[in-house]
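Beneath this line is the structure, given in structure tokens, with notes to follow.
Bear in mind that the values in this text are calculations on the coordinates, not laboratory data. Quick caveat, the model's predicted, so the values are computed rather than measured. All Cβ positions, even for glycine, are placed from backbone atoms using ideal geometry, and neighbour counts span all protein chains on display.
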């Protein structure tokens, strides 16, 4: 490491109290995107961000969308041929409910002692306000010291990530020119341990549908009709039971036809993580292996598709008893998709499956809510390589290259609209209680994150 | 028919306006047993009944129970060796909800024109206040004319039939001596058509349980965990799917072991009904045959046991989407039982079935809510025979002998505690909208019911 970058890292550590003061202000906005009563908080939070970015000498503005506003900023201090990085963050957070489970008020940032040293507790500390501050502070420190950045920097901070970014794609379409860049940097994912950084190099896609099974035209008394009519709950149960075979494979026609096996190199990266499946399952009370036979846990989590019923309901579900044979039964179904699969083809298979499983006197309706394709980040992309080198310099060990089982629609949006690959370099920990009461972000993660982004900027110097 | 009984029948028809005036008063009590806010209405309704029975020259009283009060009355005008009949009715009704679907206020009795002539519309007209008035009015007219009854008559009117008679068994135990009789007469069932009377000669029993399947210790994100954990909704669905085999038979171990086939004579009675299965199913939008293979519809409805899931729920069931793998999934299960089966043995089979179907990492809890055995009324009992003769005299055709698929716990209670068989001679019609908005009772059914009970009393004269 150059002595120059060492000085910046020391500065970052020394200035942590200032960083925390700014984060505390950011946290204080109750920017809950799913709750319309917080519309004014969303706008106020955007205006705060604009002032922050302007303080960094950037052009910044609040842009209205069909949903919550988006903040855009541009730094114009780099050379015209410098790499152009689009930093993405989101200022919205999940609702703090259940409030009674918080030890401290959710929007008042506090510092506590924890197993990894000091930790920052409040809604949004890890997802994503604190994580986002890692690159904001790196940009601030670099620019304060050098007067300019080593890369052209644009920033997009949206307010709808927690509600699946409904306005983002349209916004990217309308502002394609302005937002063009060479790569997108996102700090909204997990590392492996406080001393073990990670880059996420794939995310699964997602498809949503709702199944409605209708039998009798009205709810029936099970005494009068039990034995001579079809029960929609039984039919739906048989349908769900048949969705997986004895090997845990999904039986939807054509489900695996287009599944791409990941490159051997990627599987090797995953293998090197020595993923602690026992610990992962044990923390939620499970011990056994589940899912597709003859596939590693990493494959089942990250590179293999799956199908889950996320909700089921029908008949009488209140307290007590009511012996009804219901007219309808319902299920919410989702599939996690992997590269090669398209939501359109999978939903066609789902329709075929349920139609074939429909007995006489029953109607099945499939409401399809759309899908998001899987994404794979090229692990040898030059910017991803720069991030890997940066993490290695900071942590003195190779970053783990991991997959993500979940879905971030925005990553497909950036790829589809702007042609950008996303560098998923996040500093959250698996125990951050993201979306839950007492969300936290370890101070050591905040500090290491700022350091990593500073060194990433340093790496960009040589990419010019 | 004797000229004396003809005179009484004419009187009953002439006095129908008075009968309707009394029924209107009875209907006006909002005696909704499931709603604690109607406690005072229950008591007031009981006091009204006591005054009615006292007006018939009976000893009557309101008896408090652990739940709603019971009205007891005794007539002492018959000879000591006359048959002793215990008349049963219930003054409680189902809630009128949904109120907006009523054409007229639910507790204000009105007379309308309908397909079978005039009909009486209000909550409780058929179930059971109007049906109960058939024997109250018969007793009134007979006694007014003769000064005494041809049978020793006791009356029990409970206020908890619609909530499964929780206080009745205890009350019968405590008052066994006082309530001893030779037979119990109940008018709370259906006839086949306005001109086709019926006696119900069997009712199925009932067993209730709730199944809870627990997998992970908390709800999981289906992105992070989908593919490596067990999904309780899938497990519960497989369990439910396996409850029936391809022939529609219940697979619970031992389920059919003790099932008694009904006497051939009973099956012949059922066959003679020429039950209109197509019409029965068509009225609820179904066409096909369902249930146990190689059994007639009458058997499947009345003499064969069945098992239904009455409710199912688990995971996210709100509007929109939440990709959760839930910690638990739940189902409400009930079985209709037939003679020979005991609830204790069936629940043991249910426990065995679910235990055997439980995979690794899953716990299944069975909450058992108790059971009621099936009952069969001996169709050649002397009092049942008297009722059959009475119906034939009034309707000039044989009464159909039908089964009932539902469950009336009170019938087992009367048999178990008092050793009484129940004569189920009701005058409701299948389209009475019992428990639903715009409940009605056809005037022709009320009149024929009073006539039938008068002739039944006449039949009792010769049984002395």
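Remark: label point of residue A:6 defined 7 Å out from Cα along the Cα-Cβ vector; separations to the same position in other copies 12.6 nm, ascending. Considering only beta bridges that DSSP places wholly inside chain A, some 70 percent are antiparallel. Note on the range A:217-348: Cα-only Rg and Dmax are 19.7, 63 Å. Across the range A:295-361, Cα pairs under 8 Å and at least six residues apart give a relative contact order of 32 percent.
In whole Å, how far is the Cα centre of the range A:403-463 from that of the range A:110-188? Cα centroid to Cα centroid, the span is 8 Å. For residue A:218, the point set 7 Å out from Cα toward Cβ sits 4.5 nm from its twins in the other copies, listed from shortest up.
Across all Cα atoms of the protein assembly as shown, the radius of gyration (one decimal) and Dmax (whole number) stand at 36.7, 124 Å. Per-residue mean of foreign Cβ neighbours for A:231-243 is 6 (Cβ atoms of other chains, 10 Å radius). Arranged from fewest to most other beta-carbon atoms within 10 Å of their beta carbon, A:456, B:107 become B:107, A:456. Cβ-to-Cβ counts within 10 Å put B:450, A:201 in ascending order as A:201, B:450, the fewest first. Against chain A, whose longest principal axis is taken from its Cα atoms, helix A:3-14 shows a tilt of about 60°. Taking the longest Cα principal axis of chain A as reference, the axis of helix A:343-356 is set at about 10 degrees.
Per residue of peptide A:279-285, the mean number of Cβ atoms on other chains within 10 Å of the residue Cβ is 5. Summary for residue B:369: label point 7 Å along Cα→Cβ; distances to the equivalent points in the other copies, ascending, 3.0 nm.
Using C-alpha pairs below 8 Å separated by at least 6 residues, the relative contact order for chain B is 26 percent. Taking every DSSP beta bridge with both residues inside the protein assembly as shown, roughly what % is antiparallel (nearest 5)? Taking every DSSP beta bridge within the protein assembly as shown, about 70 percent pair in antiparallel fashion.
Given the C-alpha centroids of the range B:213-280 and the range B:284-352, what is the distance between them in whole angstrom? After rounding, the separation between the Cα centres reads 5 Å.
Report the relative contact order of the range B:74-198, percent, no decimals, based on alpha-carbon pairs under 8 angstrom and at least 6 residues apart. Result for the range B:74-198 is 43 percent. For peptide B:328-336, the mean count of partner chain Cβ atoms within 10 Å of a residue's Cβ comes to 4.
Its DSSP H runs of at least 4 residues, each contributing -39,500 (n - 2.57), put the calculated 222 nm mean residue ellipticity of the protein assembly as shown at -10000 deg cm²/dmol, to the nearest 500.
Counting other Cβ atoms within 10 Å as a rough exposure proxy, the listed residues A:237, B:412, B:202 run B:412, B:202, A:237 from fewest neighbours to most. Computed from Cα atoms, the angle from the helix B:129-146 axis to the main principal axis of chain B rounds to 20 degrees.
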